[in-house]
Each structure stands twice: as C-alpha cells, then as structure tokens.
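J.: Attaching a single structure in structure tokens format; questions to follow.
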Amino acid sequence: MDFAYRIIIGTDSQQIKGEGTNFVTAVICHRVGHGAIYFWRKKNSITMHNLKQRILAEAIYSLELAENMTEKLSAKGLLENNLEIHVDIGRTGPTREMISEVTGMIRASGYAVKIKPESFGASKVADRHV
C-alpha cells in the first residue's frame, strides 16, 4: 500500500527579555490521512528588536534545514517531492507587508511555501515549543 507523505518545515520565534531571541524549527512528517510525527530544535540568538529581522531569520533557519534535508534525503533516494516551508506571516497584522519578500525568497530557493492560516508548521507546531 502506497501512502502520500508531506515533509514540512516551519520556524517560529519569541523575544525573551534579557535572554535574546528563541527560535524553534519544527520538521513534520505527515502521512496524509494517517497523522504525523514531528521533531523540533530550539536555538537562542541575539536580541532582534525588529520584526522584519526576526521573520527573515525564521525563514532562513527553515531554508537552511530544508537544504540540508534535501541533500541528505535525495542522496538516499528518500525524497520524491520538494519540502514545504511554512512561515509565520499572514495577510492581516504587521507581517502582511513582508509576504512577497519572504515567499519570494523561499520560492526562489525551489520550495513550496505556505502562509497563515495554512502555515501550521510554524504557527502551531513550532510555536508550541518557543
């Protein structure tokens, strides 16, 4: 029996007063119609006072991991489809002005991209561990 899989990468961040910025990147392996499993990593960075800087850093962390995973999975013949990157930006709120810049950067790197409300990899899964 063949199953359809989606591999999703999403990053979210949060400013922690006096400690810098926490970034959490989640990797979700979704067997369509049968649930998912995810893994996450947390990274602390310098304080980023600018929202645009944080959103771009989130996208870059996701892209770096996607590139690494694509290289390793393709070499083993395990990646049939491109990875999907979820970003924590949407058409409402202060991030709406960054949509074309961030999604363009991800698409130019060869990946599918989802924004809110479809970007659960960043806005729900990674956000849970920030």
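J.: With r defined as the distance between the Cβ atoms of S74 and E118 and R0 fixed at 22 Å, what FRET efficiency is calculated, to the nearest 0.05?
T.: The pair S74/E118 has a calculated efficiency of 0.30.
J.: Relative to the longest principal Cα axis of the chain, at what angle does helix 51-75 sit, 0 to 90 degrees, rounded to 10?
T.: 20
J.: What's the extension gain from D2 to H34 if we count 0.36 nm per residue and subtract their Cα-Cα distance?
T.: Taking 0.36 nm per residue and subtracting the Cα distance, the gain is 10.3 nm.
J.: Here's a follow-up. On the principal axes of its Cα set, how long, how wide and how thick is the chain? Give whole Å, largest value first.
T.: So the three principal-axis extents are 50, 28, 27 Å.
J.: Given the peptides 33-40, 7-14, 52-59, arrange them by the average over their residues of other C-beta atoms within 10 Å, most packed first.
T.: Ranking, from highest mean packing down: 7-14, 52-59, 33-40.
J.: Based on DSSP H runs of at least 4 residues, each adding -39500 (n - 2.57), what is the mean residue ellipticity at 222 nm of the chain after dividing by all its residues, to the nearest 500 deg cm²/dmol?
T.: Only helices count here, giving -9000 deg cm²/dmol.
J.: Then there's this: Student exercise: in the chain, how many lysine pairs 8 or more apart or on different chains have Cα atoms under 28 Å apart?
T.: Final tally of qualifying lysine pairs is 25.
J.: If you restrict to DSSP beta bridges whose two residues both lie in segment 5-129, what percentage is antiparallel, to the nearest 5?
T.: Roughly 80 percent of the DSSP beta bridges within segment 5-129 come out antiparallel.
J.: Cut-off 13 Å, label point 7 angstrom out along Cα-to-Cβ of R107: give me the residues of segment 59-92 whose amide nitrogen falls inside.
T.: In segment 59-92, the label zone of R107 (backbone N under 13 Å from the point 7 Å along Cα→Cβ) covers no residue.
J.: Helix 99-108 sits at what angle to the longest principal axis of the chain, using alpha carbons and giving 0 to 90 degrees rounded to 10?
T.: For 99-108 against the chain, the angle is about 40 degrees.
J.: What is the distance, in nm, between label points placed 7 Å from the Cα along the Cα-to-Cβ direction at E64 and at I99?
T.: 2.8
No value in this document is a laboratory result; all are computed from the given coordinates. No experiment lies behind these values; they were computed from the predicted model shown. In this analysis, Cβ positions are derived from the backbone assuming ideal geometry, glycine residues included, and neighbour counts consider all displayed protein chains.
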